[in-house]
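Undergrad: Once you've had a glance at the structure underneath, I'll fire off some questions.
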Amino acid sequence: MMESTNLKLALNDEQQIDRLRQIDALKKNRIVLDFMKKHDLPVRVLEEHSSLFADWIKRLEKCSGCQGLNYCRQPMKGRVKTLCIDEEGFLSDSYMACRYEKKEEERMRHRKNYRIFDGSYNDLLIDQHSVHLEQETNEYAQAYTLMIDSLDLQKGVYLFGQPGTGKTYLSRIAANWYAHHDHTVAFVNMPQCIQAMKQNMTDVQYRMTMISRMKFSDVLFLDDIGSESISAWTRDEILFPILEYRMNNRLKTYFTSNYTLEELKLRYGRVREENSEVASLRIIERIRTLAILCPLQGNSRR
């Protein structure tokens, strides 16, 4: 068994007494004894590395009685120091996720499948159990049912209605379901996306990366479409190529909007440019091909 180099510093009498007391206490500690026995370590390893063992035990004591990550007392939240013997036989320490952190990592495992995620931490927790249909209106229940049914359909859904009726919330249920089932997902808030594109107008790499992620993700959600700042550039150079590719390759696409398709056609057709109405119609026809129309009216939930 090899041990790491121990730099011995000159200790005064008081420090030496403290060190011996520390070693004596460690020799009686059940966790230390189990570790020594498991790795068949001689007592001299404990004596030469008493500070390392003492710090390990001190860190473990911080976890005693812990009720969750919100109560974590470790320097690195959710990470606990542990001792191990590396491949070369050296005694070393590392930081590992505690049981609460492991549970949180599992709960957030689907986050890695989002290629674009415009949302909050709590949005990642929304699922089918977050909705209580017995407390909802018939129209909301119908929209919910269609969103759930769409998980097994070729087409996505175009949810439309006035602001605050729950369109984005229902979309997040579907988005998280796909991510949990290892589909790549892009959840894009259109106003934020277009604003970011304009702010990074000169950054071609950023724009192409964003467009590629929207084109090629298994499932795309375009949230609040029609509320973005509309120009010929955003309509014809950003939105159209994405919808064209996804339509031609039959990729699942969802939309939420405050506008009916007819109202959306008028919005995209207001751009002062020749053939603007034709360009707008091309957008609408691709949405019709990609998604099932579903109204969601009602009082605002905000």
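The values are calculated or read from the model by the stated rules, or taken from the named source; none is laboratory data. Everything quoted here is computed from the prediction, not taken from an experiment. All Cβ positions, glycine included, derive from the backbone under ideal geometry; neighbour counts span all protein chains shown. For the accessible areas, the whole protein counts, side chains as well, though only heavy atoms, and no ligand, DNA or RNA atoms are used. Shrake-Rupley method; radii C 1.70, N 1.55, O 1.52, S 1.80 Å.
Undergrad: Consider Ser120 against the criteria (1) within 30 Å of His183 (Cβ to Cβ); (2) touching a Cys at 6+ places or on another chain (Cβ under 9 Å); (3) small (Gly, Ala, Ser): it satisfies all of them except one. Which criterion is unmet?
TA: Only one criterion in (1) within 30 Å of His183 (Cβ to Cβ); (2) touching a Cys at 6+ places or on another chain (Cβ under 9 Å); (3) small (Gly, Ala, Ser) is unmet by Ser120, namely (2).
Undergrad: Find the residue count for region 265-274, including only residues that are loosely packed, with under 14 Cβ neighbours inside 10 Å and either within 18 Å of Glu244 (Cα to Cα) or among the basic types (Lys, Arg) (or both).
TA: Here the count works out to 2.
Undergrad: Does His183 satisfy the condition of being touching a helix residue (DSSP H, G or I) at 6+ places or on another chain (Cβ under 9 Å), open to solvent by 20 Å² or more (accessible area, probe 1.4 Å) and farther than 22 Å from Leu264 by Cβ? Explain how you work it out, then say what you get.
TA: On the way: touching a helix residue (DSSP H, G or I) at 6+ places or on another chain (Cβ under 9 Å): yes; open to solvent by 20 Å² or more (accessible area, probe 1.4 Å): yes; farther than 22 Å from Leu264 by Cβ: yes.
Here the answer is yes, as His183 does meet what is asked.
Undergrad: Right, another one. Test Arg301 against the criterion of being open to solvent by less than 60 Å² (accessible area, probe 1.4 Å), among the basic types (Lys, Arg) and under 26 Å from Tyr178 (Cβ atoms), and give yes or no.
TA: On the way: open to solvent by less than 60 Å² (accessible area, probe 1.4 Å): no; among the basic types (Lys, Arg): yes; under 26 Å from Tyr178 (Cβ atoms): yes.
Here the answer is no, as Arg301 does not meet what is asked.
Undergrad: Within region 19-49, which residues are basic (Lys, Arg) and either over 45 Å from the mean Cα position of the chain (by Cα) or farther than 14 Å from Ile85 by Cβ (or both)? Spell out how you get there, then give the answer.
TA: As a first pass, look at region 19-49 and keep what is basic (Lys, Arg): 19, 21, 27-28, 30, 37-38, 44.
Answer for region 19-49, where residues must be basic (Lys, Arg) and either over 45 Å from the mean Cα position of the chain (by Cα) or farther than 14 Å from Ile85 by Cβ (or both): Arg19, Arg21, Lys27, Lys28, Arg30, Arg44.
Undergrad: Report, by residue number, each residue of region 57-85 that is closer than 18 Å to Lys37 by Cα and within 32 Å of the chain's Cα centre (by Cα). Write out each step before concluding.
TA: If we filter region 57-85 for residues that are closer than 18 Å to Lys37 by Cα, which is where we start, we get 57, 82-85.
Of everything in region 57-85, those that are closer than 18 Å to Lys37 by Cα and within 32 Å of the chain's Cα centre (by Cα) turn out to be Thr82, Leu83, Cys84.
Undergrad: Report, ordered by the first and then the second residue, all pairs with beta carbons closer than 7 Å, sequence separation of six or more or different chains, a first member in region 81-94 that is free of Cβ contacts under 8 Å to residues at least 40 places away in the same chain, and a second member that is open to solvent by 60 Å² or more (accessible area, probe 1.4 Å) and in a strand (DSSP E or B).
TA: Lys81/Asp93; Lys81/Tyr95; Thr82/Asp93; Thr82/Met96
Undergrad: Which number in (1) farther than 20 Å from Tyr144 by Cα; (2) touching a residue at least 40 places away in the same chain (Cβ under 8 Å) marks the one condition that Glu285 misses?
TA: (2)
Undergrad: In region 86-108, what count of residues is obtained for those that are open to solvent by less than 60 Å² (accessible area, probe 1.4 Å), hydrophobic (A, V, I, L, M, F, W, C) and within 26 Å of the chain's Cα centre (by Cα)?
TA: 3
Undergrad: Which of the following residues is part of a helix (DSSP H, G or I), touching a Ser or Thr at 6+ places or on another chain (Cβ under 9 Å) and surrounded by 12 or more Cβ atoms within 10 Å (Cβ to Cβ): Leu46, Leu26? Step through it out loud before you land on a result.
TA: Numbers: Leu46 fails: touching a Ser or Thr at 6+ places or on another chain (Cβ under 9 Å).
On inspection, the qualifying residue turns out to be Leu26.
Undergrad: I would also like to ask the following. For region 227-243, indicate whether the set of residues that are surrounded by 17 or more Cβ atoms within 10 Å (Cβ to Cβ), touching a Pro at 6+ places or on another chain (Cβ under 9 Å) and either assigned to a loop (DSSP other than H, G, I, E, B) or acidic (Asp, Glu) (or both) is non-empty.
TA: yes
Undergrad: Okay, next question. Give Asp152, Asp118, Asp127, Asp123 a once-over and let me know the one that is under 24 Å from the mean Cα position of the chain (by Cα), surrounded by 19 or more Cβ atoms within 10 Å (Cβ to Cβ), modelled with pLDDT of 90 or more and of a type in the set (Asp, Glu). So that I can check it myself, show each step before the final result.
TA: On the way: Asp152 fails: surrounded by 19 or more Cβ atoms within 10 Å (Cβ to Cβ); Asp127 fails: surrounded by 19 or more Cβ atoms within 10 Å (Cβ to Cβ); Asp123 fails: surrounded by 19 or more Cβ atoms within 10 Å (Cβ to Cβ).
Residue meeting the stated conditions: Asp118.
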